[in-house]
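K.L.:
I have a structure I would like to understand better, so I am pasting it below and will then ask my questions one at a time.
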Protein chains: 2
Amino acid sequence: MELWYTEKQTENFGITAKITKSYVHEQTEFQQLDMIETEEFGTMLVLDGMVMTTVKDEFVYHEMVAHPVLFTHPNPENVLVVGGGDGGVIREVMKHPKVKKAVLVDIDGKVIEYSKKYLPTIAGELDNPRVEVLVNDGFMHIHDHKNTYDVIMVDSTEPVGPAANLFTRGFYQGIYEALKEDGIFVAQTDNPWFKADLIQSVNRDVKEVFPIVRVYGANIPTYPSGLWTFTMGSKKHDPLQVDESAIPELDTKYYSPRLHKAAFILPKFVEDLVK
Amino acid sequence: MELWYTEKQTENFGITAKITKSYVHEQTEFQQLDMIETEEFGTMLVLDGMVMTTVKDEFVYHEMVAHPVLFTHPNPENVLVVGGGDGGVIREVMKHPKVKKAVLVDIDGKVIEYSKKYLPTIAGELDNPRVEVLVNDGFMHIHDHKNTYDVIMVDSTEPVGPAANLFTRGFYQGIYEALKEDGIFVAQTDNPWFKADLIQSVNRDVKEVFPIVRVYGANIPTYPSGLWTFTMGSKKHDPLQVDESAIPELDTKYYSPRLHKAAFILPKFVEDLVK
């Protein structure tokens, strides 16, 4: 018997992956959590029926959340990751020696627990002494920490379920206030093929709060359409003004200093969405 | 009853699309040809069980085959398209007034016939008076036309079936000879996630024949991994030396003058494949 995991990424389109094992199939306090072993992409974390990360392609998402913003801020000492309980973004953040402390706030402790167990290559740095892991509501954490962070990264699920309030103008306003005077934030903002409306509304909302707003993209095979977008809101520093020749070559597989600005040059139809 | 088209893009991974109709299901002289109506991507042409083009996302592939090379050559008067019987590349080529004549050579007349019937928004320019359509073997056509073309575009299927000899060093040598002294060619060269070996071997072969070899990428949701590569071989003109500010803004949805050079800046793991 062959087992295949099929995810309907839209009502009418999806991906299907052959699996060899199901490690976890559990309704947590917040969402349905599945950890499965796929032939093509290795171990895969699925939340509410949507691929969150896989061992084979996780590097794209995690590198592209962390490095563009950390190489835009000149001195990112205090970093907050909202969501991201699998630890992948934290692992990339830890590659930056300038970061003195990174706080991870995920609402669902089960994501952290199972990622440590089944995704050790992703979650390994959650135990780094520079990291503080909190199981808490990111929205509330933001609200309670004014003028605290240099960089905030929103590594959330889709705007359904526990992450719904992470895609609101009120959340972006809270992020603005939680950032220091030259702070920057970045959020994953889905794909332009099936979720053009979301990208547009986030862009509109972030522009009402931040003076500098930039959108960039990256190719993630297991995410809908294969093209993922990220929206950056900044008080002062512009990612497009960074001197690429001054960016050090990190141990990465997707991000490079050469890609730093190129990632912001979007296909025309995406450019048009965020004009 | 719901009907879904499922394509195994690898042994262990695939895409699945809800369909409402099957227009054509035919074994031609060269390949299995299917024309189906999908809910998400509109009409879809499938050859030997692989998506070739869809009404919704075809613009990416067709624009990205045609415009980077045509805006690299200063005077692309004579153009050859090998394969591409759906007419999408020809439609983009016709947006360039400098092109006096474009020859399309597809081995399978059925692709042309059914594309004209079921994909009129893609195939419409096949009747342009500047276009000559030949049903013939592209490999032989290349062999018989020395020193003839300014630009050659290889819009082939995968290197199985009728297109197998379009991925050989001998074919690239033939293309070199069919090009004029400052000619350029471009070929689709699959995706870096599942076909890294192919990209590497093509790159090696093309480098043995052409002094300037460049690889670029584009996001195509219905193609494996969502990231497609294209390899350009050039005798004289370098796509990275083009003055982007001199490129006119065409009626496109993916390609833009801003993207011309950015498309060549690849993710690090792809860069490493073609070093």
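The values are calculated or read from the model by the stated rules, or taken from the named source; none is laboratory data. Keep in mind that what you see is a predicted model, and the values were worked out from it rather than measured. Neighbour counts run over all protein chains shown; Cβ positions are idealised from the backbone, glycine included.
K.L.:
Give the residues of segment B:213-229 that are more than 17 Å from B:Tyr176 (Cα to Cα) and either more than 16 Å from the chain's Cα centre (by Cα) or more than 10 Å from every other protein chain (Cβ to nearest Cβ) (or both), sorted by residue number.
P.N.:
Narrowing segment B:213-229 to residues more than 17 Å from B:Tyr176 (Cα to Cα): B:215-229.
B:Val215, B:Tyr216, B:Ser225, B:Thr229 - these are the residues of segment B:213-229 that are more than 17 Å from B:Tyr176 (Cα to Cα) and either more than 16 Å from the chain's Cα centre (by Cα) or more than 10 Å from every other protein chain (Cβ to nearest Cβ) (or both).
K.L.:
While we're on this one: Considering only residues that are under 23 Å from the mean Cα position of the chain (by Cα), in a strand (DSSP E or B) and buried (at least 16 other Cβ atoms within 10 Å of the Cβ), which ones fall in segment B:18-36?
P.N.:
Result: B:Val24, B:Leu33, B:Asp34, B:Met35, B:Ile36.
K.L.:
For a quick check of your reading of the model, give me the residue pairs whose first member lies in segment A:145-157 and is under 11 Å from A:Asn78 (Cα atoms), whose second is of a type in the set (Asp, Glu), with beta-carbon atoms closer than 7 Å and at least 6 apart or on different chains.
P.N.:
Every condition considered, the pairs that remain are A:Asp150/A:Glu77.
K.L.:
Could I ask something else about it? Since A:Met64 meets every condition but one in (1) within 21 Å of A:Gly124 (Cα to Cα); (2) more than 10 Å from every other protein chain (Cβ to nearest Cβ); (3) hydrophobic (A, V, I, L, M, F, W, C), which condition does it not meet?
P.N.:
A:Met64 satisfies all of (1) within 21 Å of A:Gly124 (Cα to Cα); (2) more than 10 Å from every other protein chain (Cβ to nearest Cβ); (3) hydrophobic (A, V, I, L, M, F, W, C) except (2).
K.L.:
Which residue pairs have Cβ atoms under 7 Å apart, sit 6 or more places apart or on different chains, and have a first residue in segment B:1-23 that is within 7 Å of chain A (Cβ to nearest Cβ) and under 30 Å from B:Ala196 (Cβ atoms) and a second that is of a type in the set (S, T, N, Q) and surrounded by fewer than 16 Cβ atoms within 10 Å (Cβ to Cβ)?
P.N.:
That search, which allows pairs on different chains as well, returns B:Gly14/B:Thr6; B:Thr16/A:Thr6; B:Thr16/B:Thr6.
K.L.:
Against the definition (more than 9 Å from every other protein chain (Cβ to nearest Cβ) and at pLDDT 95 or above), how does A:Phe210 come out, yes or no? Walk me through it before giving the result.
P.N.:
Working: more than 9 Å from every other protein chain (Cβ to nearest Cβ): yes; at pLDDT 95 or above: yes.
The answer is yes for A:Phe210.
K.L.:
Would you tally the residues in segment A:30-61 being of a type in the set (Val, Ile, Thr), more than 29 Å from A:His260 (Cβ to Cβ) and away from chain B (no Cβ under 11 Å)?
P.N.:
Residues meeting the conditions: 3.
K.L.:
Shifting gears a bit: When the residues of segment B:159-196 are filtered to those that are in a strand (DSSP E or B) and in contact with a helix residue (DSSP H, G or I) (Cβ under 7 Å, 6 or more places away or on another chain), which remaining residue is surrounded by the most Cβ atoms within 10 Å (Cβ to Cβ)?
P.N.:
Taking the candidates together, the pick is B:Ile184.
K.L.:
Quick test for you: out of A:Asp190, A:Asp205, A:Asp150, A:Asp144, pick the one residue that is closer than 16 Å to A:Val69 by Cα, at pLDDT 95 or above and acidic (Asp, Glu).
P.N.:
That would be A:Asp150, the only listed residue that is closer than 16 Å to A:Val69 by Cα, at pLDDT 95 or above and acidic (Asp, Glu).
K.L.:
Name the pairs whose Cβ atoms lie under 6 Å apart, with the first residue in segment A:168-191 and among the basic types (Lys, Arg), the second surrounded by fewer than 15 Cβ atoms within 10 Å (Cβ to Cβ), and 6 or more positions between them or separate chains?
P.N.:
Between residues of segment A:168-191 that are among the basic types (Lys, Arg) and residues that are surrounded by fewer than 15 Cβ atoms within 10 Å (Cβ to Cβ), the close pairs are A:Lys180/A:Asn147.
K.L.:
Only one of A:Glu63, A:Glu132, A:Glu37, A:Glu113 is of a type in the set (Asp, Glu) and not assigned by TED's automatic domain parsing to the domain that holds A:Pro248. Can you tell me which?
P.N.:
Going through A:Glu63, A:Glu132, A:Glu37, A:Glu113 in turn, just one is of a type in the set (Asp, Glu) and not assigned by TED's automatic domain parsing to the domain that holds A:Pro248: A:Glu37.
K.L.:
Considering only segment B:67-108, state which residues are under 12 Å from B:Val154 (Cβ atoms) and either part of a helix (DSSP H, G or I) or in contact with a Pro (Cβ under 6 Å, 6 or more places away or on another chain) (or both).
P.N.:
B:Val69, B:Val89
K.L.:
Which residue, of B:Ser245, B:Ser201, is among the polar types (S, T, N, Q), outside any loop (DSSP other than H, G, I, E, B) and either within 14 Å of another protein chain (Cβ to nearest Cβ) or within 19 Å of the chain's Cα centre (by Cα) (or both)?
P.N.:
B:Ser201
K.L.:
Kindly establish whether A:Gly233 is of a type in the set (Gly, Ala, Ser), away from chain B (no Cβ under 14 Å), in contact with an Asp or Glu (Cβ under 9 Å, 6 or more places away or on another chain) and assigned to a strand (DSSP E or B).
P.N.:
Answer is no for this residue.
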